[in-house]
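Participant: A single structure is presented below for examination.
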Amino acid sequence: MAKAESSDQHIEGGPAIEIGIKAAHRKANADGLSRLLADTYTLYLKTHSFHWNVTGPMFQTLHLMFEQQYTELALAVDLIAERIRALGHEAPGSYAQFLKLTSISEQTGVPGAEEMLRQLVAGQEAVVRTARKVIPAAERSGDQVTLDLLTQRMQVHEKTAWMLRSLLQ
């Protein structure tokens, strides 16, 4: 049986990964997905905090909307992390790692409802930009699974940003 060109050892010393994507390309895709994971998790934390702390005349609407959003983000971090693992790399999983990788700023105080909306729009758009930056590497490597994941994530975040923006008009 001939050994494929993409042959390499799993980073933890396990069996070789033979999925038709070279090791260097899998690493580049995993690195990009790690930044996407960090952005998604940071946005999850911010959205969950805003869900807990929102007040004002739109409390009920925003409280429920934020809950839907953080629930969707919680599921998304698992999908992204599992794709990183399928590519043969470890997924970041600590606050320290996420802080180094994320493009989204933390919010330590409790802003008013309108500022919450503005920050969440910015966060949703940041996730879209991060996903877009991963696309060229995934395309070069023929990694359709990562491309599909990126496209799905961008669709969700663009729609969510639009819905949040609509509340600011």
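The values are calculated or read from the model by the stated rules, or taken from the named source; none is laboratory data. Treat the numbers as computed from the prediction; the structure is a model and nothing was measured. A quick note on method: Cβ atoms are made from the backbone with ideal geometry, for glycine too, and the neighbour counts reach across all protein chains shown.
Participant: Looking at THR108 and the list (1) surrounded by 12 or more Cβ atoms within 10 Å (Cβ to Cβ); (2) assigned to a loop (DSSP other than H, G, I, E, B); (3) among the hydroxyl-bearing types (Ser, Thr, Tyr), which single condition is not satisfied?
Facilitator: So THR108 meets the others, but not (1).
Participant: Separate question: Any chance you could count how many residues in segment 112-143 are free of Cβ contacts under 8 Å to residues at least 60 places away in the same chain and either hydroxyl-bearing (Ser, Thr, Tyr) or farther than 18 Å from LEU37 by Cα (or both)? First the steps, then the outcome.
Facilitator: Of the residues in segment 112-143, the ones free of Cβ contacts under 8 Å to residues at least 60 places away in the same chain are 112-115, 117-118, 121-122, 125, 128-129, 132, 135-136, 139.
Imposing the further condition that a residue be either hydroxyl-bearing (Ser, Thr, Tyr) or farther than 18 Å from LEU37 by Cα (or both) reduces the set to 112-115, 117-118, 139.
Result for segment 112-143: 7.
Participant: Can you tell me which residue within segment 62-87, out of those that are of a type in the set (Val, Ile, Thr) and under 10 Å from the mean Cα position of the chain (by Cα), is nearest to ALA28 (Cα to Cα)?
Facilitator: Let us first name the residues in segment 62-87 that are of a type in the set (Val, Ile, Thr), namely 71, 77, 80, 84.
If we keep only those that are under 10 Å from the mean Cα position of the chain (by Cα) too, we end up with 77, 80.
Numbers: VAL77: 19, ILE80: 14 Å.
The selected residue is ILE80.
Participant: Then there's this: What tally of residues in segment 151-169 results from selecting those that are surrounded by 15 or more Cβ atoms within 10 Å (Cβ to Cβ) and in a loop (DSSP other than H, G, I, E, B)?
Facilitator: Of the residues in segment 151-169, 1 are surrounded by 15 or more Cβ atoms within 10 Å (Cβ to Cβ) and in a loop (DSSP other than H, G, I, E, B).
Participant: So, in segment 1-47, of the ones that are surrounded by 13 or more Cβ atoms within 10 Å (Cβ to Cβ), of a type in the set (D, E, K, R) and assigned to a loop (DSSP other than H, G, I, E, B), which residue ends up modelled with the highest pLDDT?
Facilitator: LYS22
Participant: Okay, moving on. Within segment 74-83, can one find any residue that is loosely packed, with under 15 Cβ neighbours inside 10 Å and in contact with a Phe, Trp or Tyr (Cβ under 7 Å, 6 or more places away or on another chain)?
Facilitator: Within segment 74-83, one or more residues are loosely packed, with under 15 Cβ neighbours inside 10 Å and in contact with a Phe, Trp or Tyr (Cβ under 7 Å, 6 or more places away or on another chain).
Participant: Residues that are surrounded by fewer than 18 Cβ atoms within 10 Å (Cβ to Cβ) and not in a helix (DSSP H, G or I): does segment 85-92 have at least one?
Facilitator: In the first step, residues of segment 85-92 are kept if they are surrounded by fewer than 18 Cβ atoms within 10 Å (Cβ to Cβ); the result is 85-86, 90.
Narrowing the set further to residues that are not in a helix (DSSP H, G or I) leaves 90.
Yes, because at least one residue in segment 85-92 is surrounded by fewer than 18 Cβ atoms within 10 Å (Cβ to Cβ) and not in a helix (DSSP H, G or I).
Participant: Right, another one. Between GLN97, GLN60, which is part of a helix (DSSP H, G or I) and touching a helix residue (DSSP H, G or I) at 6+ places or on another chain (Cβ under 9 Å)? Break it down stepwise before answering.
Facilitator: On the way: GLN60 fails: touching a helix residue (DSSP H, G or I) at 6+ places or on another chain (Cβ under 9 Å).
Step by step, each of GLN97, GLN60 is checked, and only GLN97 is part of a helix (DSSP H, G or I) and touching a helix residue (DSSP H, G or I) at 6+ places or on another chain (Cβ under 9 Å).
Participant: Quick one: count up the residues across segment 94-105 that are exposed (fewer than 13 other Cβ atoms within 10 Å of the Cβ) and more than 30 Å from THR55 (Cβ to Cβ).
Facilitator: Total meeting the criteria: 3.
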